[in-house]
Amino acid sequence: MQSRRPTTASNKRRRGFTLIELLVVISIIATLMSLILPAIQNAREAGRRTQCLNNLRNVTVAMHNFASSNKSRLPASATFLPGGSGDDHVEGYSWAVELLPFLDQQGTYDRWNKGIAWNAGSNASAALASGLYVPAFACPNDESAFQTPGGLTYVVNSGFGDTDPGTDTVSNSAATAPVATTHTNRHSYVVEPFDWNGDGNVGVIDGSDQAVTQATGVMWPSFANENNQSSTLGKIYDGTSNTLLLGENIKSGDPSTTNWADPRTRACSFMYPLTAGSITATTLSNPLPAIALDSSGNRLPAYPNESKNAAQGSTAFLASSHPGIVVVSFVDGSASTISEGIDKTVYTSLITPAGTRLRNGLTVEKPVSADSF
């Protein structure tokens with residue numbers, strides 16, 4: 001006869017966990033999460049950075065295709081239309097409009113009215129730009145532009161300018177410089193108040209100063225249907241692989257009032273701001289600190305990523321949401337990144353397409369190589 005084993009407290013099956021065991025399990029899970037989550041975030045950021053590089057590379061290829069169709073000349077950074085009288089100009093459209101046929105947007109380009117301001121109420125183009133999202137124009141890290149109709153992250157290299165990126169230039173009176181009145185309050189090498197050769201004449205009064213200022217940027221605006229003054233691909237004296245073409249500015253334009261067609265400097269270009277009165281013949285070889293001022297006279301940080309926390313649409317400088325870097329492209333067609341801690345002399349050299357060209361009376365930049373940045 002089989003006997004029944006007595007049931008005691010020692011051989012009862014234990015159910016559940018003790019408090020100490022639960023705390024150990026929770027601590028192990030927390031440790032694993034602390035190790036895994038940063039890796040997931042890094043993987044996501046790497047994906048966004050790769051997409052940003054691809055988008056910028058596509059825009060750069062479109063730039064090259066435009067140049068191939070226009071005798072090797074890059075598009076104007078912006079086009080301003082004739083105004084009513086004097087120095088009055090109408091904001092036409094940005095470089096982005098010219099690239100539409102090369103970004104699979106021929107239909108939009110054919111409908112664009114180039115004779116009317118981009119934001120004119122009666123212009124159907126205003127609705128086209130505000131309602132059209134072009135994926136190649138936006139970085140996935142740019143909350144103001146990504147998947148937003150009219151969004152634009154990438155801006156073009158417009159060289160050196162004066163300290164106010166809002167009005168962009170000082171105006172010259174018609175009595176002393178008639179041509180300058182057609183460029184008032186626009187960022188143009190023709191009227192930037194830089195006296196490179198120290199003869200006391202600036203802007204349109206001195207063609208030598210104009211030439212040096214033009215050599216500090218790759219793309220420039222066109223006024224009143226004048227000839228496009230942007231560089232050609234074959235005349236980048238400093239080397240196409242050492243000259244910036246486009247870069248990120250997550251603060252370009254104000255989403256409530258602007259889109260990728262806005263021709264204003266702070267919406268479609270980036271620049272290196274200088275105090276005009278401090279310019280000397282040695283500035284190119286020993287660049288002055290980048291100083292920009294807002295309408296109230298407050299200093300605006302102007303080196304890469306220094307302005308990424310500024311108000312939307314307030315700055316015309318490189319700024320990115322990628323940690324520690326800015327995605328850029330070069331005139332040779334390559335896309336890469338530069339560190340936000342890049343040497344400031346090297347940064348200015350990357351902006352200028354002909355800063356190393358020898359000129360009488362000027363001390364010019366030293367050439368840079370790929371291992372300098």
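The values are calculated or read from the model by the stated rules, or taken from the named source; none is laboratory data. All values derive from a computational prediction rather than experimental measurement. Cβ placement follows ideal geometry from the backbone for every residue including glycine, while neighbour counts extend to all protein chains displayed.
General observations
- If you filter the stretch 314-345 down to residues that are touching a helix residue (DSSP H, G or I) at 6+ places or on another chain (Cβ under 6 Å) and farther than 15 Å from T240 by Cα, you find that the one that is modelled with the lowest pLDDT is A316.
- A Cβ distance below 8 Å, combined with a sequence gap of six or more or placement on separate chains, defines the contacts here; from the stretch 221-249, residues that are over 30 Å from G313 (Cβ atoms) reach residues that are of a type in the set (F, W, Y) and buried (at least 19 other Cβ atoms within 10 Å of the Cβ) in the pairs T240/F330; S241/F330; N242/F330.
- Residue list for the stretch 241-270, restricted to those being among the small types (G, A, S) and in a strand (DSSP E or B): G247, S269
- Residue in the stretch 216-223 that is of a type in the set (A, V, I, L, M) and either in contact with a Pro (Cβ under 9 Å, 6 or more places away or on another chain) or buried (at least 23 other Cβ atoms within 10 Å of the Cβ) (or both) present: yes
- Of the listed requirements (1) at pLDDT 90 or above; (2) surrounded by 21 or more Cβ atoms within 10 Å (Cβ to Cβ), T232 misses just one: (2).
- Of residues in the stretch 319-335 being over 14 Å from V59 (Cβ atoms) and either among the small types (G, A, S) or in a strand (DSSP E or B) (or both), the one nearest to the chain's Cα centre (by Cα): A319
- Scope the stretch 342-351; condition buried (at least 17 other Cβ atoms within 10 Å of the Cβ) and either touching a Leu at 6+ places or on another chain (Cβ under 7 Å) or in a loop (DSSP other than H, G, I, E, B) (or both); matching residues: I342, L350, I351
- Once the stretch 100-117 is narrowed to residues that are more than 11 Å from A261 (Cα to Cα) and of a type in the set (A, V, I, L, M), the residue that is nearest to the chain's Cα centre (by Cα) is L103.
- If you filter the stretch 237-255 down to residues that are surrounded by fewer than 21 Cβ atoms within 10 Å (Cβ to Cβ) and of a type outside the set (D, E, K, R), you find that the one that is modelled with the lowest pLDDT is P255.
- Residue in the stretch 144-162 that is of a type in the set (F, W, Y), under 26 Å from S320 (Cβ atoms), modelled with pLDDT of 95 or more and out of contact with any Asp or Glu (no Cβ under 8 Å at 6 or more places or on another chain) present: no
- Residue within the stretch 264-281 that is surrounded by fewer than 24 Cβ atoms within 10 Å (Cβ to Cβ), among the aliphatic types (A, V, I, L, M) and farther than 17 Å from S94 by Cβ present: yes
- Residue in the stretch 291-308 that is touching a Leu at 6+ places or on another chain (Cβ under 7 Å), under 14 Å from F160 (Cβ atoms), crowded, with 17+ Cβ neighbours inside 10 Å and modelled with pLDDT under 90 present: yes
- Looking across N305, N286, one residue alone is within 14 Å of the chain's Cα centre (by Cα) and outside any strand (DSSP E or B). It is N305.
- Qualifying residues in the stretch 352-372 (those that are of a type in the set (S, T, Y) and assigned to a loop (DSSP other than H, G, I, E, B)) - the one surrounded by the most Cβ atoms within 10 Å (Cβ to Cβ): T352
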